[in-house]
Every structure is written in C-alpha cells, then in structure tokens.
Amino acid sequence: MRLIELRLKNLNSLKGEWHIDFSDKAFVNEGIFAITGQTGAGKTTILDAICLALYGETPRINSISKSSNEVMTRQTAECFAEVVIELNGVQYRCRWGQRRAYGKIDGNLQDATHELSRVNLEDPDKGDEILEEKLSRTKQKIIELTSMDFQQFTRSILLAQGSFSAFLKAKADERADILEKITGTQIYADISKNVYEKYRTQKEELDRLQAVSDSLSLLDEETETTYRKNIDTLNTDLSSKKTKQDNLESQIKWLQDVADLKHKLSQYTQEVDDAEQAKLGFKSDAERLDMANKALEISNDYNKLLSIRRQLTEYTTNKEDSAKQLLEVETKFEQSQQDLKTAELAEHKAVSEYDKAQPLIRETRQLDGQILQHQERLHDQHRRRDSLNANMAKLNESLTFSKDEQTQLQEKLVKTKQYLATRSHHEALPNDIESLHQLGRQLKTVLHNIAHKDAQRQEAKASLGQLTDKLSKLESGQNQVSDDIKRNKQQLATLKQRQHNLMQGQTLQSLRHQHNEIEQSSQQLNDIKAHFEQLGQLALQAKETQSLLPDRQQNINEIQQNLATNEDKLNRLNTELEDKKANLELSQQVAKLEDFIHLLQDDEPCPLCGSLEHPYDGNHPLLNNKSQPDQNTPTPIELLKNRVNELSSEYKNVESLISEDKIKLATSKHELVNYQKQFDEQLSKLAELISRNESLITTFTQNTPNLSPTLIDIINKQSLSKKLKSSIAEFGSSLKKLKGNHPESDSIENNQIDSGNLQQVITTADDLSSLIQNTRQDLVSQKQTLNTLLDENDKLTHEINQREISIKALQDNSQSTMQQINALNTDIKLIEQQIKNDKDYIESNYAEIDESITLIRKLVTPYKQDGNDKWSTLDTALTKLSNAINNKHVLNESDCESYLETLRDHCRWMRQLQQDYNRQKELSQSLSSEIGNFETRINGLTNQLDDVQKELNDLNVVINDVKVSLDTLQKKRQTLYQDKDMDAEDKRLQQAVNSAKENLSQVRERYNHYQLQFKQLNEYIDKLNTAISKANDDLSK
C-alpha cells in the first residue's frame, strides 16, 4: 500500500483545509522524510487523518459518533479526512467526514459519512467510481482491499505515538510486555502459559494414574478362572431372565391392545346409536325441506319486492343521517375559516419579529466572536509568558551546571598533560611493535622451516627404505603376471571351439530371427483365436435372443385377441347403458308431472296446460294405483336405476381390462422390438467380427510362406492355413443365410429364423480355436528349444568375453607394473637428492636466526624501565634460543612455540603500553574539546537568557494592549444587548416562526378537509334523492 495524497479539514489543531501531495518529487526522490514541529503543531493529527480516512477511528480516540466527536476543531461546523492510496497499481480514494446541523458551530452532530471509490486516472472528468458509501460497510470493504484491520495497521504501518513513547521510557524488564501489547504478540505468551499449565495438569493426572496403577495387584490364575466361571453363569442367568421379560412384555402389550379395542368398540357403538337418533330427529326437517323446495319456485318475484322495499328504507335513512352530518360539517367549516384567518395573522407577526431582530443578532454575534478571539489570544499570551518564565529558570540552572563542569574538566586536563610529558618515547611504540611483529614472524617462519625441513629429511629417509622394498616386490609380481597371461589364452581357444560345435553352422542372427517369427506368429494366432472366441460367444448370445422372439410374438397375438373381445363387449354395454339412461330420464319426468294431479280443482285452470276441464275428476288411474302400494315390490324407476348402476359398474370393469390389455400389448411389442433390435445388432457385430478376423487370417496366411522351414512345417502339420481360409467362406455363407432368413421388416410375424446357421458358426469357431491352441503349443515348444540353444550360446559368449577381459586386464597390469618399476627407480634418485638439499637449507638458516635475535634485543631495550619483569623473561628466552642455534640443535614444535609465545607476550605488553599512552592523548584532546564546548554552551545560554528576557518584556506589553481591547468590546456588547444569549434568542424567535407556520399548516389542512367533506355530503344527498325516486318508480310497477 502506498500513500498518494492526503486532504484534511478542521481536525484538532489544524483549522481550515490542508493538502499534502505525497507523489511530489520532493517526497519521491528523498525516499525518507520526517514530520517536525513544536508540541501541538499538528504532527500526530496528520497520522490521525490517515487513520480516520481509512478506518473512521484514531489510536487516541476510539469512538467517534453522533453524540461525541473530539477530533473536530473547536468553533467549526465541519471536518473531514480524505486519503488516496495505491494498491497493485490501482488508486482508491477513502473519505470520512462529519458535520453539524445547518452548518452552525453549535448545531447537533450529524451521522458521519464514510465512502470508498476507485480513482479514474484515464478520464478524470468522468469522476470516481463509487465502490461503497454506506457507513456500516465501508470500513469492512477497506479491510478486504488492504488485508489489514485497524489494529494490524497501527502495529505494522503506523505505530501509535503514546505506545512507542511508553516503550522508550520503560525499564528493560518492562519493555517486553509493552512490545507485546504494541505488536499484538501477547497471545503467544498466553499460549505458552496455557501449554505449561496443561502440561503440569496432565503430568499430575499421569502421576496419579501411575500411583493408582502401581497400587493395583493382579489376580492369580485360579482366582481369575473362578471369576470368569461366575461371569459365564451370571450371563446365562441374565439371558434367560431377559427372554422371560420379553415374553411378559409381549403378553402385557397384547392385553393392552385388547383393552384399547374394547374401548374403541364401545365408542363406535355409541356413535352408531347417535347417528340413528339424529336420523329420527331429522324426519320432520326433511318434510319441511321438501315444502321449502316447492316454495322456492315462486320466491324470485317476492324476494325482488322485498329487496326494493329494503333499499328504499335504507336510502331514506341515509338521507336523513347525511342531512344531520351536513349541518355539523357546515358549522365546523365556518369555524375553520375564522381559525385560518387568525393563524395567518399570527404567522405574519412571528415572521416580522424574526426579520426585525436579525440585524441586531448578527451584529451582536460579530462582537461575541471578536470577544472570544481576544479571550483566546489573551489566554495564549498568558500561557506563553508562563512558558518563558519556566524556560528562563531552566536556562539559569543549565548555566550554573555548565560552569561547574568546565572547572572540573580543566583540572583533569592538567594531570593528563603531565603523564604525556614523562613518556614522550612512547610515540615510537607503533613502529617498534610493528617491527617486533615482523621479526617475530620471520623468526617463526625460519624456526618452522628448519623443523619442517628436518621432518621432511627424516620422512625422506624412511620413504627411501620403503621404495626399495616395494621395487623388489613389483619385480617378483611381474613374472607371475606373465605366466597367467599364457594360461588364459589357452582356455580362450577351448571355449571358442565349444561355441562353434554348438551353433552347427547357424548364425546367431538367423536363430534370433526365427525366435522373433515364433513370437509374431503366436501373437497373430492368439488374436485370431480371441476373435473366434468372441465370435462363438456373440453367436451364442444371438441364438439366445433368437429363441425369445416366437414366444414374445405368441404373447402379443393372445393379448390382441383378448383386447378385441373386450372392445366388442364394451360397445354392447355402452349401447344398453345409453338406452337405460334415456328410459330412466323419461320415467322421472313423468313421475314429476304426476304430482300436479293433486292440484286439479273444478273450474280452475290446469297448472300445466291451462285447461278448465278435468275428465278424471279425482278418479285418475295413477292415483288409484298409488292408493294401495306394495312396499315389497320395487317401482319401475327403481328397477331402471338398479340396472343402470349394474351396467355402469360392468362398463368400468371392462374399460379397466381393456386399459390393462393395451398396456400389456404396448409393453410386449416394445420388448419384441428391443429383442429384434438386439438380434440385428448382434448380427451386425458378427459380420464385423468375421470381417476383422478375415483380415487377420489373410495377413497370417500371406506371411506363412516367408517363415523359416521349421515354422512352416509346424503350421502345416494340421492344415491350419487351409482350414482358416475355408472358415472365411463358411462364416460368410452362414451370415448370408441368417440375413436372408431375417429380413428387416416391420411385420414381426413374417420373420422366420433358422437357428441351425448360428449353431454352425458356434461349432466352427470352437473347432478352429482348439486347432489354433494346438498349433500355438507346438510353436511354444519350438520357442523353448530355441531359448535353450540361445541361452547356452549366451553363456559361452559371456565366458569368452570374460576370458578376453581377463587377458586384457593381465596385460594392462603387466604394463602398469613396468611403469611403476620405472617410476620407483626415478623416485629413489629424487629422494636421495632431496635429503642432501634439506641438510644444506637448515645450516644456511642458522645465521638468519642469530641476526633476528640481535635486532629484537635492540628494539625492546628502550622500554626496559616500563616493565623490568617482562624484559628479564624475554632476555632469558632469547639467550636459550641463541645457545641452541650455536650448538646446531634442531628445535621441535613445542620448543619453538615456547620461545615464540614469550615474544608474543612481550609484544602484547608493548601494545598495552601503546593503548595506555593513546588513551591519555585522546583524553587530553577530549578534555580540551569539552572545555571549548562548555565555553560555547555558556555563551549560548547567556544569549538565550537575554533573548527570553526581551521576549518576556514585549509579551507583557502585548498582554496589556489585548486587555484594553477586550474591555472595550465587552462594554460595547453590554450596551448593545446586555447579557442575553444571542443563540438562545435567535432559537426562540425561530421556534416561534416555526410554531406559527406549523399551526397555520394544521388550520389550513382542517379548512380544506371540512370544505371537501361539505362538498361530498351535498353530492351524496343528491345521489340519494335520485335513488329514492327510482326505487319509488320500481315499487309502483
């Protein structure tokens, strides 16, 4: 994440709008920059603005809401923070802001705004693309983009000032806890504690369990056997008791079921009795229902009359009620007119008072602002004066301390100069130490070279003896190798003769070619055999499918016959059912007309024909028939109904049978078609297999004449090629017959299939598979014979190669041995020359060691007085070394290191002298520098005291001037508006205006409501008058 731009307004001490462009060259080129300034200048506010724009909170203030905002500058009505960041080459703009109501500095805080947008770099005129602007979701969206929440951001990118300050001021043992809180790593300390606590708890539990385990004693074998027998006995007893318990539970359940059934039986009996009683009780209601149905035929006109009368009564009642409402609404309407005029006058008066007071309020507010500015300025000046006084006290204290320190440093400088004057010869210590080092390195090199050369001389003497012995052994071995070469050549000739006898004139290439032919022929025969087996299996499957077709066809014929029989029966039933239904309908109509015979009266019209003459005059034959009915004999209508029901039931049964037969027929046909399709596919696959096998057989028979004579004899042994060729024609003929007897036709009955052709295919395929298997076995036998011959030949070839390799190795060994013998002779001569050279070198270096001892004594003598003990030790060592050299004695490594260590110790002592001398010199220079610094500091503090005193005098003058101006403004404010609060006065007048307008709006709304209600009632009464007139007309009709 990279910062591109920052904008902020009215945050903490930074009043007004500020802009920082981090993409400016000054920031980009420098790379690192600092934010500096006095306390309260706004350094931390810049960091707070970045946090606000991204997360809506700061490290110093956790909560910024509608009720509290401590980051907004005092006496301002708006604040915001906006930052542009770059993530993966894309720039995003994050903006947070909050304002007060109506843009007033004393207005209520409004909800904060927080939005995220993508910066349109290609076309800035189009504006940014808003990604999120809802306050509750913007922060989460920014976290998803940056992959950091607020805590992670303040711990990794922006470290809070207070936390880091506490870390710097804390003690060493307290910093770890503070650092954990800053970086959020205290969780790891908690994890460590929890792990240890869990370990301790588990360890205690383990110890407890171990103690319990140790206290337990194992049973002996006899006791364990007894317990096991008891367990078996108890298990057997428990099993029998469980079985008994299950039996008892099943019996209890049976008894419970019997009780439930008895209870249900009594309930059902009671329900039957209740139904019988209800049936008897409904008898009278049934008679009334019959009479009501007859009366229903003349009820339409009467109902219409009653409806008109009810409507007329309802219209009259509504008209009277509406007239009463109209009088009430008219009264309220007139009253609302008066209230509207009163409210308009009150609203006009409140607005006039508000407009009249505004100029005075504005002038007073300007004075209040000036007074507040002067008070703040006076407060700042007092605070600055206190700061100057405190600063002056600190400067005086620092001046006294600096003078005391300067006096102490001057005393130390005098002592240091005296030490340096008495040891002026130590100035040469660096060169002398370096020279002593150089002489020590030379002496070490010479001594080690002498020791090394002497050791080389001794080693050379030992090597000379070893080389002489080795030369004698090599010469003896060379003779043995020559004898081995002759013996191996004789064995090689014998092996080659055996190989020639084994091959009998045949080449290895011809045998391997014959082996490959067997492999290829076996593979071809195996493929042909596999195809024959597939052919037999497929023919067998086709035969099984073929056997299913006639049975399926016979099943279809039987279903079709049943279907035709049922359809004829259905047609007969349908005809008879229609006739019976027509007779029943006519009989029912006649029965209805018979009811009107009872209504016939003399000189009254007939209800049906209108005739006034009634011939039967109460002696109608139908009435006489009904006067003595036989209750046991059913009426003709009932007989017809029973027959119609019987026919309907039988018709449905036949329809169900036909539906089932149709489903069976469709299913059988579908199965027959599937079997036919399956048989066709099997025949197609048979043709495809025969074609592929024909190709394989043709390839095999064409390649047979090109094989070796032995393989041709094996293949022709059982006339395999001839039988394979004849099988192609047989299969083709059988397949042609199958396709001829099984034409592709939709009429399945005409397809007559002969299964003998399929059986012929199966038999031929099995016979040829057996024949191929026998031939492959003969080929395998021939292959094994060839493998045996080739393996024996490979063994002889391997032995011949091994023998040739052995001869070559012996010859190489013989040649190598001769080279070693020559090299040894040369090495012996060189070692003898080296021994002589080493002796001459050792004698020449003795003089160089004596010269180095003299120079060392000369270098260390001037420092004898600085350390007499060190001088005596070095002098003794140098004397011993000189005596050893004069006696031509070669020192070993231990003696050399002893003399050199003494010299190194003396060199370290001289370096210590040099360090002491240099420290004193540096101390002298440091003291002189510090004295000069204190002199400069004293002068600077004196000048600062003078400047502070001058500033303090000027500040007192300014404070007096501000006090005078403040008194003048306060008197003017008192004269203009006494001590009244202008904001409260403005708020009171504004509330009065708002209240008057709100009252006017309510009164006007009531006026409009009553006006509309008065108009609607008048229209409604007019409609009622029209409806009443229409109802009276309908009633008169």
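The values are calculated or read from the model by the stated rules, or taken from the named source; none is laboratory data. Everything numeric in this text was worked out from a predicted model, so none of it was measured. Heads up, the Cβs are rebuilt from the backbone with ideal geometry, glycines too, and the neighbour counts pull from every protein chain shown.
Would you mind finding the one in A393, A462 that is free of Cβ contacts under 8 Å to residues at least 24 places away in the same chain, closer than 30 Å to E935 by Cα and small (G, A, S)?
That would be A393, the only listed residue that is free of Cβ contacts under 8 Å to residues at least 24 places away in the same chain, closer than 30 Å to E935 by Cα and small (G, A, S).
Considering Q75, Q151, which residue is touching a residue at least 24 places away in the same chain (Cβ under 8 Å) and at positive phi?
Of Q75, Q151, the one residue that is touching a residue at least 24 places away in the same chain (Cβ under 8 Å) and at positive phi is Q75.
If you check K444 against the conditions, is it in a helix (DSSP H, G or I), closer than 30 Å to S852 by Cα and of a type in the set (D, E, K, R)?
yes
Show me the strands (runs of 3 or more DSSP E) entirely contained within the range 73-123 in which 1 or more residues are of a type in the set (F, W, Y) and buried (at least 16 other Cβ atoms within 10 Å of the Cβ).
78-87, 90-99
Looking at this structure, is N943 modelled with pLDDT of 80 or more, within 30 Å of Q373 (Cβ to Cβ) and of a type in the set (S, T, N, Q)?
No, not satisfied.
Among the candidates D48, D21, which residue alone is among the acidic types (D, E), assigned by TED's automatic domain parsing to the domain that holds N108 and within 19 Å of K139 (Cα to Cα)?
From the options D48, D21, the qualifying one is D48.
Only one of L47, L52, L8, L3 is part of a strand (DSSP E or B) and either farther than 30 Å from D368 by Cα or among the aromatic types (F, W, Y) (or both). Can you tell me which?
L3
Of the residues that sit in the range 124-136 and are part of a helix (DSSP H, G or I) and surrounded by fewer than 12 Cβ atoms within 10 Å (Cβ to Cβ), which one is farthest from the chain's Cα centre (by Cα)? Explain how you work it out, then say what you get.
Narrowing the range 124-136 to residues part of a helix (DSSP H, G or I): 124-126, 135-136.
Applying the additional criterion that residues be surrounded by fewer than 12 Cβ atoms within 10 Å (Cβ to Cβ) yields 124-126, 136.
Details: P124: 36, D125: 39, K126: 36, S136: 24 Å.
Only one residue fits best here, namely D125.
Residues being in contact (Cβ under 8 Å) with a residue 24 or more places away in the chain and either touching a Ser or Thr at 6+ places or on another chain (Cβ under 8 Å) or of a type in the set (D, E) (or both): count how many of those fall in the range 1-46. Give the steps one after another, and end with the answer.
Within the range 1-46, the subset in contact (Cβ under 8 Å) with a residue 24 or more places away in the chain is 1-15, 20, 40-42, 44-46.
If we keep only those that are either touching a Ser or Thr at 6+ places or on another chain (Cβ under 8 Å) or of a type in the set (D, E) (or both) too, we end up with 1, 4-5, 8, 10-15, 40-42, 45.
So the answer is 14.
Within the range 333-351, how many residues are closer than 19 Å to R988 by Cα and among the acidic types (D, E)?
Residues meeting the conditions: 1.
Do you know which residues across the range 418-475 are among the hydroxyl-bearing types (S, T, Y), exposed (fewer than 12 other Cβ atoms within 10 Å of the Cβ) and within 30 Å of Q925 (Cα to Cα)?
Scanning the range 418-475 gives T422, S424.
For the range 307-352, which positions are surrounded by 13 or more Cβ atoms within 10 Å (Cβ to Cβ) and within 30 Å of T975 (Cα to Cα)?
Scanning the range 307-352 gives K349, A350, V351.
Would you please name the residue that is modelled with the lowest pLDDT, looking only at residues in the range 25-44 that are under 40 Å from the mean Cα position of the chain (by Cα) and part of a loop (DSSP other than H, G, I, E, B)?
Going through the qualifying residues, I end up with G31.
So which residues in the range 1010-1037 are assigned to a helix (DSSP H, G or I) and free of Cβ contacts under 8 Å to residues at least 24 places away in the same chain, if there are any at all?
L1012, K1015, Q1016, E1019, D1022, K1023, T1026, S1029, K1030, D1033, S1036 - these are the residues of the range 1010-1037 that are assigned to a helix (DSSP H, G or I) and free of Cβ contacts under 8 Å to residues at least 24 places away in the same chain.
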